[in-house]
Amino acid sequence: MEVVDLAIVGAGPAGSTCAAFAARAGLRVVVIEREKFPREKVCGDCLNPSCWPVLRRLEIAERVRALPHGQLEAVEFIAIGGAKLHVDLPRGENSEIAVKRSLFDELLLNRARECGAQVREETIVSAIEKERWGDWKIDIVHDVVRAKVVVAADGRNSTIARLRNLLPKPQRERVALQSHIPLPNGFGNRVVLQFLPQGYSGQAPVNHGELNVCLVGKPGSIGDLKMWAEKYFGVSPWHPWRTITPLTRAPITPAHDNLFFIGDAARVVEPFTGEGIYYALRSGELAANAIVDLLHAQDRQSTLRAFSNAHAQMYRGRLWINQLARAAVLSPRIASMFVHAAKVQPTVLRLLTSKIVDTP
C-alpha cells in the first residue's frame, strides 16, 4: 500500500502538468496511467499560443520547441466546392506549432518525474472510495493507493467519473478519426480546416515529413470521410485510423470533496478549435495550485471557489466557437456558405481565429 498527498489518474497533458506543479511545491504525488508512454492520441496536435505561458512556468518551453514540429503561420478555411479564406497566425515566440502527442506527452510526463512525481504506467484503476477518516482509497492491480486528494485527468470517458457516478450521458452524434500521413509536397506552414459534405477535416504538418489529418463527422458518414481521404491524399484503404467518441458531453463540476476533474475529464471541447491542450495544461496548473493551498490549511471553501471560478474563466467567451464547430459538422453546407460570406467580409472568421490564438 502506498500513501501520498495527491493521486492523479491519467498522464496526459492535464495530469502531467498538475503532477509537475504539485510535486515541485513539495507534495508527495503519484500518477496512475493505464497506457505505456510514448503513445499517440486522437488529437489535432496543435499547441496554440495560449500554451506557451504555462510551458514557460513549467520550464520546458525550449524543450518543446526542440521537438520535431510544424510551424503554423496561417489557418486556411476551405469551403465545400473549394473556396478558400486565409488568416495569418501570430509569429515569434508565441507562434502556433503542431507536434506529435507521443513526443509532447512524454516530455510532460518526464518533467513530472523530474519534479519528484512517481509514475505508474500500465496501471488500471478498478475502484475508488472515500474512507472514514477522509482519505481516498484507490484500488489498482495487485495494490492500493491512499491519497488525501485525487485528480481525475483521465479524459472524456473518465473512469473516475464513471466509478463515482458522475459521468454524464454521452452524445454520440459525431465521431473523430485521426492519423499521420506523408506530408504532401508544397503543403506549407499552415493549418487547414476544410468543410466537406460529410463533416470536416483538420490538417496540420507535425514535422518536415508528416501531416496530421483529422476527420470529424456523423457515425454514418465515417466511411465516406475515409474514402475522401483516400482520394484526396492518396491514402491506402487499409491505412490505420485512431478514433474517439463522444465529441460532446455535458461538463462535470471541476471541484468536489478532495476530488478534482481537469482537462477533458471536466469539459470536452471541439477538436476544430485546437484549444484542447491549452485547457489541459492550464486546468492542471490551476488544480495543483488549489491542492497545495488545501493541504497547507488554507480556507477550504474559498480555495475551492477560487479554483472553480478560475476554471470557468478559461472558457468564458470561447464556448460559442465550440457551438459553431458542432454546427459545422451537423450542417457543413451552411458552414461553407459562412466561408463564402467571409471572403467578402472576413471580420467574423478573423475574430474567431484571434479568439482561439489569443495569449492570456
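The values are calculated or read from the model by the stated rules, or taken from the named source; none is laboratory data. Worth saying up front: this structure is predicted, and the values here are computed from it rather than measured. As a convention, Cβ positions derive from the backbone with ideal geometry for all residues, glycine included, and neighbour counts pool all protein chains shown. Areas reflect the complete protein model, heavy atoms only, side chains present, ligands, DNA and RNA absent. Shrake-Rupley method; radii C 1.70, N 1.55, O 1.52, S 1.80 Å.
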ask   = Where does each of 103-112, 173-182 land if you order them by average Cβ count within 10 Å, highest first?
value = 103-112, 173-182
task = Taking only protein heavy atoms into account and a 1.4 Å probe, give the accessible area per residue of the chain in Å².
result = 42
note = For Cα extents along the principal axes in Å, with candidates (i) 64, 47, 35; (ii) 80, 48, 40; (iii) 63, 39, 34, the value calculated from the shown model is option (iii)
message = Give me the percent of accessible area attributable to carbon and sulfur for the stretch 1-118, probe 1.4 angstrom.
response = 48
ask   = Given a 1.4 Å probe and the protein chains all in place, what does the accessible area of TYR315 round to, in Å² to the nearest 10?
value = 10
note = Placing each pseudo-label 7 Å from Cα in the direction of the beta carbon, TRP238 and HIS208 end up separated by a distance in nanometres of 3.1
message = Would any residue of the stretch 230-262 have its amide N under 13 Å from a label point 7 Å out along Cα→Cβ of ARG300? List them or say none.
response = 256-259
inquiry  = Using the basic label-point model (7 angstrom from Cα toward the beta carbon), what is the GLU173 to ALA312 distance in nanometres?
reply    = 2.5
Rounded FRET efficiency, nearest 0.05, which uses the C-beta distance separating LEU166 from GLU59 and R0 of 35 Å = 0.55
inquiry  = Within the stretch 230-310, what whole-number % of the accessible surface is contributed by carbon and sulfur, with the 1.4 Å probe and all protein chains included in the calculation?
reply    = 50
remark   = Cβ-Cβ cut-off under 12 Å around HIS311, Lys and Arg +1, Asp and Glu -1: the net charge is +3
Spacing of the two label points (7 Å from each Cα toward its C-beta) at ARG113 and LEU67, in nm = 1.5
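Among DSSP beta bridges lying fully in the chain, give the percent that are antiparallel, nearest 5.
Values: 45 of 67 bridges.
For the chain, the DSSP antiparallel bridge percentage is about 65.
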request  = Would you check the accessible area of LEU259, probe 1.4 Å, heavy atoms only, in square angstrom rounded to 10?
outcome  = 0
message = Suppose only helical runs count, i.e. DSSP H with n ≥ 4. What mean residue ellipticity at 222 nm does that imply for the chain under -39500 (n - 2.57) per run, divided by all residues and rounded to the nearest 500 deg cm²/dmol?
response = -11000 deg cm²/dmol
remark   = Helix 300-315 sits off the longest principal axis of the Cα atoms of the chain, rounded to the nearest 10 on a 0 to 90 degree scale, by 10
Over 21 Å [Cα-Cα, the stretch 43-197], rounded percent = 63
query = Per-residue accessible area for MET227 at 1.4 Å probe radius, Å² rounded to 10?
reply = 120
query = Taking H as built 1.01 Å from N, whose amide H comes closer than 5 Å to the amide H of LEU47, not counting residues under 5 places away?
reply = ILE97, ALA98, VAL99
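Starting from the Cα-Cα distance between MET1 and ALA74, subtract it from 0.36 nm times their residue separation and give me the gain in nm to one decimal.
Stretched out fully, the MET1 to ALA74 stretch lengthens by 21.1 nm.
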